[in-house]
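The values are calculated or read from the model by the stated rules, or taken from the named source; none is laboratory data. Computed from a predicted model, the values in this text were never measured in an experiment. Cβ placement follows ideal geometry from the backbone for every residue including glycine, while neighbour counts extend to all protein chains displayed. When the accessible area is computed, the model is the full protein with side chains, heavy atoms only, and any ligands, DNA or RNA have been set aside. Shrake-Rupley method; radii C 1.70, N 1.55, O 1.52, S 1.80 Å.
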Amino acid sequence: CELAYLLGLGSNGRFQNVVRGRASLKERESWLERKNRMLGLLHPDSRRRYEAVERQCDTMAQVSVAGVADLGAHGPIALDDFNQLLQIFYRLLIGRQMLRKETSDPNLRKDIARQWKQVDDKLKGKDLEEPLRKSLEATKSLLERRVQILDTAEARLQYIDAELDRIEQQVALIGQES
């Protein structure tokens, strides 16, 4: 008798909806916890920037899902499209934050240049033994490489800033077209 009841309950549509609803709620709570942890990694200015884009995407996703408005040339945009855009935006913000840490010390470039000059001055000495000369040349090469890495990081930072601006403008455009 109990077995028949359980089998019948398993195929009951209302019961299945309740089970699915609880699973969906758990997934949503899990996502919110992960999202809050992720946002906690961002600098407050970056977090506000992310949240502004997220609000715009949420509004447009609701409009698109409700079928209230056509999103212009973009047509209906799926929720996954907005989520992907937000993921890219978040990753760019994190990358920007990391690069800023690398390039934020205003004295770093000066320190490297000072060290390079010291090594170069030592290399100009006439009575250097070969092992010392090789060591100094290797140090000079490493200092040059550090400058190249700083240059690359600064160029990447400019690219990331441009991409973040582009995404914000893209979201604003989609919002205006809807």
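From the list A73, A69, the one residue that fits, being assigned to a loop (DSSP other than H, G, I, E, B), at pLDDT below 90 and small (G, A, S), is A69.
Scan the stretch 105-152 for residues that are open to solvent by 80 Å² or more (accessible area, probe 1.4 Å) and of a type in the set (S, T, N, Q) and the total you get is 2.
Collect the residues in the stretch 97-151 that are closer than 30 Å to S46 by Cβ and of a type in the set (V, I, T), keeping them in residue-number order. Those that are closer than 30 Å to S46 by Cβ and of a type in the set (V, I, T): T103, I112, V147, I149.
Taken over the stretch 153-170, the criterion of being without any contact (Cβ under 8 Å) to a residue 12 or more places away in the chain and open to solvent by less than 60 Å² (accessible area, probe 1.4 Å) is satisfied by A155, A162.
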